[in-house]
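Structure record follows, encoded as structure tokens.
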Amino acid sequence: MNPIQPLSHKRPLPLETFYYGSTYYPEHWQPEDMENDISLMQAAGFNMVRMAEFAWHLFEPEEGRFDFSWLDPHIEKLGKAGISTFMCTPTATPPRWLTAKHPEMLREDVVGDVMCHGSRQHASHFSDIFREYSRKITRVLAEHYADNPYVVGWQTDNEFHCHFAEDHSPAVQSGFREFLKLKFDGDIEKLNKDWGADFWAMTYQNFDQIETPRNMHPTHLNPAHVLDYQRCLSWGVTRFQKDQLDILREVNSKWWLTHNGCFASLDFHGEFTEDLDFLGFDSYPFFEQNISQRWLTHAFNLDYVRGFSGNFIIPEQQSGPGGQTDYFHNTPEPGEMRRMAYSSIAHGADSLLFFRWRTCRFGAEEYWCGLLDHDNIPKRRLAEAGQLGAELKKVGPALMGSSVEISVAVAGSDYDSNAGHQALHLGLPGPRQASEVVHMHLNHKGHSVGIVHPDDDLSGIDVYIIPHFPLFKPEWIPRIKEWVEQGGTLIVGARAGCKDVNNNVISEPLPGCFADLTGTWVQECGKQNLPNTRPLEIIMQGQKVVTETWYEELVAEDAEVIATWNSRFLKGLPAITCRNLGNGKVLHVGTWFTNEVVDLLEAYLPVTNRFPENVEIVDRVHPDGSRLRFVINHNDEVVKVNFAEEAIDLLSGETVFGSKELEPNDVLILK
Ligand code: GAL
């Protein structure tokens, strides 16, 4: 493994091998079902399977009695066939004997219902008892596999918080108090002040009086209390994970360690991820039902994850329709599964496993389809995985060490701003949703766009857009300012910076900590409910756009007014301003970003690629400047593309130059 670099959207993966394969559950099958698995996996080009994330009950059928005989022969046979094992700590599904013995370790939801055995993720990460058992099983597994040459890496647990995040169990009540004591250094007066506790008699005399906030029990909550609870949930899971990571590292420092996410109430741009070697992201693009939006939503999700910490692996990539009681996805049409996998790789995945090898015939996920159907007959989805496997043997090594290049960045991947917003959101879309709208529209228009956290490295980026981040930390400003002075264009949207780190409203006029950059202040602002009933229009060089969601009347103290309001009481007042700062510019956009508002700013954005609509271009660049360009046709039709520069397509080996037709689902990787 290469040295680990600090978290950044540009961080490459430290692995040297591109791993390819699927999740595999030998515990669900009879020997006759599994007879040909290894040869089929070899034929599909696999070099990895992930196993055992839900198998604690098999490893430890009764307390203290361990059994590895159900798994070890598989690890060995697979290993001898060139397929490594990616192991998991099985703590998402504690065995029944454990929860029966210690029901006090179960999670509790907001209404006080205690979770029960029968699905998963029912044990509290804050429970000392559960933590002790988690450490025990992790150590037993780690020591058992310490010298196994085929076990190369580990996943902690499985998708922390994927079903729900809140926990109000007694363990969390004391965990919350512990977290707050640490945060406030034992100073209850400081907590009372930072939480604005005089409102509705929330003042505490000591930490032991504090409880977790339960929304609408009976009514609205204090947003400062809620944000610290959300921070605490993340802290608790980070600590739970760290217990396991310390043991795994102590037992075999050569293993790489990851987690598959990324879900709510967990800060992936911080300690949780710093403790790992890299992040994993489980990618399920078919949750997006709208076919024309699917590739855009997929790209946004991938970029959002890259915004946390850089390149990642995909421990689970969707390989078939997925279904639960209330939904069943479209089946990927021929070529779609491979295309979506290539999108994942283009956007920063440096290893990819499909979920799952074979569709299970029982259990809660009997309709979550894998590469093989229930009948176990190899069909087109497995053949398609085989095509991808053969291709990745060629291109996988060429990708390692590269990162994704972007010219426009949208702010995102920040935990506090999202959690803070959710605590008292005024019916407004949150920072993540706001970033998604801008990212998807720019991507659709052909910009090389990504998501970048406000504390990250902006070098190489031409334009940085901060849509609507209510909670924006002033400490992020100096670095952004420096980047602007060196020539960057910063575009700040409405409501940015209106909250402080405690999630209280700031005392200065808006845009708060941005004012020094924008040279403006907000005289008046308001929500646009039912915007069509009293439309508010902006006019910019004759171009008119009706706005939605929010308006701001700007005062341009040290900035040029480049667009004005054009209706009702706002007519003629500043709506968008631009200030020259050093070699760069700062725009203040006094409304919510919609596609039309983004279009209005065209002159301030870089020139887009000139490829046809829905043909995605993503460049992956190595530190030496060498470049691999992904060209992906997301259209259902053939499109003609003009390639101005000669290049070799690594997938077909052909030289590409001039006009070329791309079939639906076609992918080129140009060098
Ligand atoms: C993931 C999870 C898997 C499986 C899959 C399909 O979120 O990690 O265990 O549940 O989704 O639902």
Does region 570-580 contain at least one residue that is among the hydroxyl-bearing types (Ser, Thr, Tyr) and either surrounded by fewer than 21 Cβ atoms within 10 Å (Cβ to Cβ) or within 25 Å of the chain's Cα centre (by Cα) (or both)?
no
Any idea how many residues of region 558-580 are aliphatic (A, V, I, L, M), assigned to a strand (DSSP E or B) and touching an Asp or Glu at 6+ places or on another chain (Cβ under 6 Å)?
0
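May I ask you to list the residues in region 449-504 that are polar (S, T, N, Q) and touching an Asp or Glu at 6+ places or on another chain (Cβ under 6 Å)?
Listed by number, the list holds a single entry, ASN502.
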Count of region 318-340 residues which are away from the ligand (no atom under 16 Å from the Cβ) and under 23 Å from the mean Cα position of the chain (by Cα)
3
Among (1) closer than 30 Å to SER652 by Cα; (2) open to solvent by less than 30 Å² (accessible area, probe 1.4 Å), which single condition is ASP414 missing?
(1)
List the pairs whose first member sits in region 482-505 and is more than 14 Å from ARG579 (Cα to Cα), whose second member is of a type in the set (Asp, Glu), and whose Cβ atoms are under 6 Å apart, counting only residues at least 6 apart or on separate chains?
ALA494/GLU552; ASN502/ASP194
Does region 159-179 contain any residue that is open to solvent by less than 80 Å² (accessible area, probe 1.4 Å), more than 16 Å from the ligand (Cβ to nearest atom) and either of a type in the set (Phe, Trp, Tyr) or under 25 Å from PHE68 (Cα atoms) (or both)?
yes
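Tell me, which helices (runs of 4 or more DSSP H) wholly within region 49-158 include 3 or more residues that are surrounded by fewer than 16 Cβ atoms within 10 Å (Cβ to Cβ) and within 31 Å of the chain's Cα centre (by Cα)?
128-145
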Hey, among LEU276, LEU257, which residue is in contact with a Ser or Thr (Cβ under 6 Å, 6 or more places away or on another chain) and either at pLDDT 95 or above or over 22 Å from SER234 (Cα atoms) (or both)?
LEU276
Considering only region 622-633, state which residues are in contact (Cβ under 8 Å) with a residue 12 or more places away in the chain and open to solvent by 20 Å² or more (accessible area, probe 1.4 Å).
HIS622, PRO623, SER626, ARG627, ARG629
Take the residues of region 659-671 that are of a type outside the set (S, T, N, Q) and open to solvent by 20 Å² or more (accessible area, probe 1.4 Å): which is nearest to ALA398 (Cα to Cα)?
LYS671
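Considering LEU371, LEU388, which residue is farther than 30 Å from ASP457 by Cα, in contact (Cβ under 8 Å) with a residue 12 or more places away in the chain, aliphatic (A, V, I, L, M) and within 15 Å of the ligand (Cβ to nearest atom)?
Values: LEU388 fails: within 15 Å of the ligand (Cβ to nearest atom).
Being farther than 30 Å from ASP457 by Cα, in contact (Cβ under 8 Å) with a residue 12 or more places away in the chain, aliphatic (A, V, I, L, M) and within 15 Å of the ligand (Cβ to nearest atom) holds for just one of LEU371, LEU388, which is LEU371.
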For the subset of region 648-658 comprising residues that are open to solvent by 10 Å² or more (accessible area, probe 1.4 Å) and under 34 Å from the mean Cα position of the chain (by Cα), which member is farthest from VAL615 (Cα to Cα)?
GLY653
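The values are calculated or read from the model by the stated rules, or taken from the named source; none is laboratory data. Model, not experiment: these values are computed from the prediction. Cβ: placed from backbone, ideal geometry, glycine included. Neighbour counts: every protein chain shown. For the accessible areas, the whole protein counts, side chains as well, though only heavy atoms, and no ligand, DNA or RNA atoms are used. Shrake-Rupley method; radii C 1.70, N 1.55, O 1.52, S 1.80 Å.
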